[in-house]
Structure formats: C-alpha cells, structure tokens
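Taking it in order: structure first as structure tokens, then the write-up.
Just so you know, all these numbers are worked out from the coordinates, no wet-lab data involved. As the structure is a computational prediction, the values presented were derived from the model and not from experiment. Cβ placement follows ideal geometry from the backbone for every residue including glycine, while neighbour counts extend to all protein chains displayed.
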Amino acid sequence: MMSKRTTGFAALLLYCASANALDVSVLDVQGQGVENAVVALRGSEPQLAPAATYAIMDQVGREFVPYVVPVQAGTWVRFPNSDDIRHHVYSFSPAKRFELKLYHGSTAEPVKFDTAGKVVLGCNIHDSMVGYVYVLDTPYYALSDAGGNARITAPAGEYQLEIQHPRSAEPTVQTVTLNGDDAKVSVTLTPLSPDPRNSEPKTELEQLFDR
C-alpha cells in the first residue's frame with residue numbers, strides 16, 4: 001500500500017504529465033504585439049485564490065506600477081506609494097468600489113478583490129493617473145509582454161480563452177482545447193482606443209499637492 005506521502009508524489013507527477021502550455025500571441029490590427037493584455041483560461045467552475053494571497057500595485061512617478069495587475073478572485077492587493085508626494089487612490093468600478101485617502105509610503109490597508117471583473121483605478125489628486133486590476137475566477141492566466149506574448153500552463157481540458165485589455169472595449173473570447181500537447185494561438189484585438197496615460201497639463205489641484 002502506498003503511503004500518503006508517496007500517493008501525493010504520484011498525484012504531483014500525474015498533474016505535471018497532464019499539464020499543457022498554451023502560448024498566446026496578442027496582436028493589434030496592424031499585426032503588432034500588444035502589451036498588457038490579460039490572457040485567461042476559464043473552465044466550467046469558478047476558482048478562488050487561496051486565503052492570504054497578496055499582490056502589489058505601487059505608485060511611482062505619478063503612475064500605477066504595474067499599469068495592469070491580473071489577480072485571482074479573493075486576492076488582497078497592497079497599494080504602496082513610493083512617490084514623495086501624496087496620492088488618493090479610488091475606484092468606482094462595480095467589481096470593487098473603494099477609496100484610500102491621501103497617504104504616502106505603505107500606510108494604506110490592503111484591499112480584497114473578491115468579485116470577478118475589471119477594476120479601473122484613479123487618483124483623486126492626479127487626473128492623469130490610471131491603472132487596472134483584472135479580477136479573474138481562474139488560476140490560469142498571464143499578462144502579455146512587450147511583444148504581445150503570454151504563456152499559460154493548465155491541465156488538459158476545454159476552456160474559454162478570454163483576452164482583455166484596457167484599450168479594448170470588449171473581451172475577446174474563443175474556445176480552446178488542451179489535449180496533452182503544447183499549443184499556440186494568435187488573437188487579433190479590435191481597434192484599440194488611445195492610451196489614457198498620455199500626459200496632460202497639471203490641474204490646480206495637482207500643483208497644490210505635488211509637494
């Protein structure tokens with residue numbers, strides 16, 4: 001009879017053997033790679049993150065860093081402010097409404113993101129600041145790099161491949177099947193809107209608090 005430890009090791013080997021890598025290339029209509037696309041494989045049952053799972057979105061140079069943070073539902077996100085000026089972080093998005101009033105350093109309490117959806121972040125002082133937290137009900141996700149490439153590893157099965165991007169109005173969805181072999185998929189997003197991070201003149205409120 002196998003010991004519990006041996007059984008667990010066998011199960012791990014079985015999972016590794018049945019896991020598949022899906023390489024996704026995210027392109028715009030000109031065929032150029034799209035950075036910061038959230039690529040996720042969604043199965044039939046939603047899955048929440050383990051307890052006490054944390055992620056970080058910093059504030060550096062009057063920007064949210066990283067610009068896009070994908071997390072699994074149930075994740076806590078910390079919002080440190082590494083600038084030498086104060087920020088006032090907020091979101092009115094239905095998936096998560098919250099407010100972190102004027103602060104700097106690491107004094108703000110972490111925020112739990114427990115509902116799937118796109119959360120748009122802003123700063124009540126600096127209008128040009130915008131960031132995104134994408135809350136997913138799956139552990140199988142990745143963020144595309146500067147070349148538009150992302151890789152997800154998941155068990156064999158049928159999934160909905162969902163791609164979201166801050167400059168795309170609607171998610172792009174298609175069915176994919178992982179059957180034991182690594183796979184590649186290329187997806188072209190619809191025309192993208194202008195980047196909201198383009199610099200704008202400082203408002204009077206920004207000038208007042210930039211000190």
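Here are the numbers:
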{"quantity": "Relative contact order computed over segment 22-209 (Cα-Cα under 8 Å; 6+ residues apart), in percent", "calculated": "31 percent"}
{"quantity": "Rounded FRET efficiency, nearest 0.05, which uses the C-beta distance separating Ala52 from Ser193 and R0 of 25 Å", "calculated": "0.10"}
{"quantity": "Lys112 long-range amide H proximity, modeled H, under 5 Å", "calculated": "Val77"}
{"quantity": "Per-residue ³J(HN,Hα) for segment 51-63, Karplus 6.51 cos²θ - 1.76 cosθ + 1.60, θ = phi - 60°, Hz, x for Gly and Pro", "calculated": "4, 6, 8, 10, 9, 10, 10, 8, 10, 9, x, 6, 9"}
{"quantity": "Highest-first arrangement of 34-41, 66-73, where packing means the average Cβ count within 10 Å", "calculated": "34-41, 66-73"}
{"quantity": "Interchain or long-range residues, amide H under 5 Å from Leu100's placed H", "calculated": "Val89, Tyr90"}
{"quantity": "Debye, to nearest 20: dipole size of segment 22-209, +1 on Lys, Arg Cβ, -1 on Asp, Glu Cβ", "calculated": "320 debye"}
{"quantity": "Virtual spin-label span in nm between Lys184 and Asp84, 7 Å along Cα→Cβ", "calculated": "4.8 nm"}
{"quantity": "Rule-of-thumb Rg ratio for segment 22-209 [Cα; 2.2 N^0.38 Å; N residues]", "calculated": "1.08"}
